[in-house]
Amino acid sequence: MSKSGHQIAILPGDGIGLEVTAEAEKVLRTVAEHCGDQFNLKHGLVGGVAMDATGKALPEATLALCRASDAVLLGAVGSPKYDDPRAAVRPEQALLGLRKELRLFANLRPVRLHPSLAEASPLRTELVRDIDLIIVRELTGGIYFGAPRLEGSERAVDTMVYTRAEVQRITHVAFRIAGGRQRTLRGRPVPAKVTSVDKANVLACSRLWRLTVEAVAEEYPDVELEHLLVDAATMHLIKRPADFDVILTSNMFGDILSDETSVLAGSMGLLPSASMAKGRFGLYEPIHGSAPDIAGRGIANPLAAILSAAMLLRHSLGMEAEAQAVEAAVAAVLDAGHRTADIAAPDQPAVTTARMGDLVVEAFTQDTTQMRCR
Ligand code: NAD
């Protein structure tokens, strides 16, 4: 019997976006079936395919669909057909449009290393095997939303502004996540910690950031707070990545640190992300792009998209048990040795995108017979 109805907008986008969201959708349908929930999955156009159909990367109809939904699952945008840097309309503009129009101010990127994939990391196994961190990046303020000015060919100006309210809002997100994570290290619970990353020795915005973070932290006595300057943070992420829990940072620093951190886990095809608005609404997407080099061949890794769907269950639908069950199913499939081409050893046969999706559905179904749904 149906318990509730959730509206979910699916925006597959371009290239492998189409292939990986199809697998995430399979998993969402299985979760709904298992838990007696009703998910209304509606598709919208975004990126190059939307430009082909409407001339716009983010058509009004897509925006309306997102606004009428509880959450959005996006594949990827970007197509070689629209790669001309002089073009006025580009598929990637849809991403900034979605962030702005849907007020997605908090970007969450969890990075966890599956033990059997430690070899794929560029760092030594003993450094990376316990990585389990999440980057909380402010997404709609700071220097990327300043007033850029190119003054002829000799001078250029960018401006960076942060308000106390913007910093407070993102800091609460980071502390709430840290407080609710219950992280363990080799089976033992680890105290919750937020590492706030800034450049307070140079930037006024960072000094406001630091003072505001410290004030908000007082409301969360169970979560430890540490500050790092961004230059030191880049180094510590390489030297001791497993020591981090929640990393809280501004728009530009978060952009850079999240790419640095994503390579630690080995493959682009495994990392999900969420961009949250106030309340529970969020947009969920794999961190990778449309991968035109492998698109249409059925070999893309759908696990980042499937793990993005798990984040959607957790953050937008409040379905923590179901989210954990999907994550456990992905771990079980990897434990059993199944690999898509991007993570397979050179001599190992790889499974297709669709087969990987089916394997996760099978593992979910087998493991959740005793699971209590929300
Ligand atoms: P990309 O992430 O698409 O691909 C980088 C490399 O990783 C490629 O070799 C690709 O084959 C591989 N790869 C990526 N995802 C994979 C997966 N799930 N399984 C297996 N292999 C995978 O980055 P790119 O090549 O720099 O960009 C391609 C297009 O995507 C560009 O148009 C770019 O602007 C766009 N892009 C979009 C987003 C987004 O939609 N959020 C993010 C990044 C790039």
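Scanning region 169-222 for residues that are among the polar types (S, T, N, Q) and more than 12 Å from residue 249 (Cα to Cα) yields 182, 184, 201, 212.
Kindly indicate whether residue 63 is in the same structural domain as residue 104 (by TED's automatic domain parsing), within 16 Å of the ligand (Cβ to nearest atom) and modelled with pLDDT of 95 or more. No.
Of all residues in region 313-336, those that are assigned by TED's automatic domain parsing to the domain that holds residue 363 and farther than 16 Å from residue 72 by Cα have Cβ atoms under 6 Å from Cβ atoms of residues that are of a type in the set (Ser, Thr, Tyr) and assigned to a helix (DSSP H, G or I), 6 or more apart or on another chain, in 334/116. Here 165, 106 are screened, and the one residue that is assigned by TED's automatic domain parsing to the domain that holds residue 239 and among the small types (Gly, Ala, Ser) is 165. Residues in region 336-351 that are open to solvent by less than 70 Å² (accessible area, probe 1.4 Å) and of a type outside the set (A, V, I, L, M, F, W, C) were compared, and the one that is nearest to the ligand (Cβ to nearest atom) is 340. When region 240-253 is filtered for residues that are farther than 11 Å from residue 133 by Cα and in contact with a Leu (Cβ under 8 Å, 6 or more places away or on another chain), the ones remaining, listed by number, are 240, 249, 251. Evaluated against (1) away from the ligand (no atom under 12 Å from the Cβ); (2) closer than 20 Å to residue 13 by Cβ; (3) open to solvent by 60 Å² or more (accessible area, probe 1.4 Å), residue 80 falls short on exactly one condition, (1).
Scanning region 83-104 for residues that are among the acidic types (Asp, Glu) and away from the ligand (no atom under 12 Å from the Cβ) yields a single hit, 101. Considering 33, 23, the condition of being away from the ligand (no atom under 13 Å from the Cβ) and either free of Cβ contacts under 8 Å to residues at least 24 places away in the same chain or in contact with a helix residue (DSSP H, G or I) (Cβ under 6 Å, 6 or more places away or on another chain) (or both) is satisfied by 33 alone. Filtering region 37-56 for residues that are within 11 Å of the ligand (Cβ to nearest atom), among the aliphatic types (A, V, I, L, M), assigned to a loop (DSSP other than H, G, I, E, B) and touching a residue at least 12 places away in the same chain (Cβ under 8 Å) leaves a non-empty set. One residue stands out among those in region 277-319 that are under 13 Å from the mean Cα position of the chain (by Cα) and not in a helix (DSSP H, G or I): the one that is nearest to residue 93 (Cα to Cα), which is 289. Before we move on, is residue 88 at negative phi and open to solvent by less than 30 Å² (accessible area, probe 1.4 Å)? Judged against the criteria, residue 88 is not a match.
The values are calculated or read from the model by the stated rules, or taken from the named source; none is laboratory data. None of the values given here were measured: they were computed from a predicted structure. Cβ: placed from backbone, ideal geometry, glycine included. Neighbour counts: every protein chain shown. Surface areas here come from the heavy atoms of the whole protein model, side chains and all, with no ligands, DNA or RNA. Shrake-Rupley method; radii C 1.70, N 1.55, O 1.52, S 1.80 Å.
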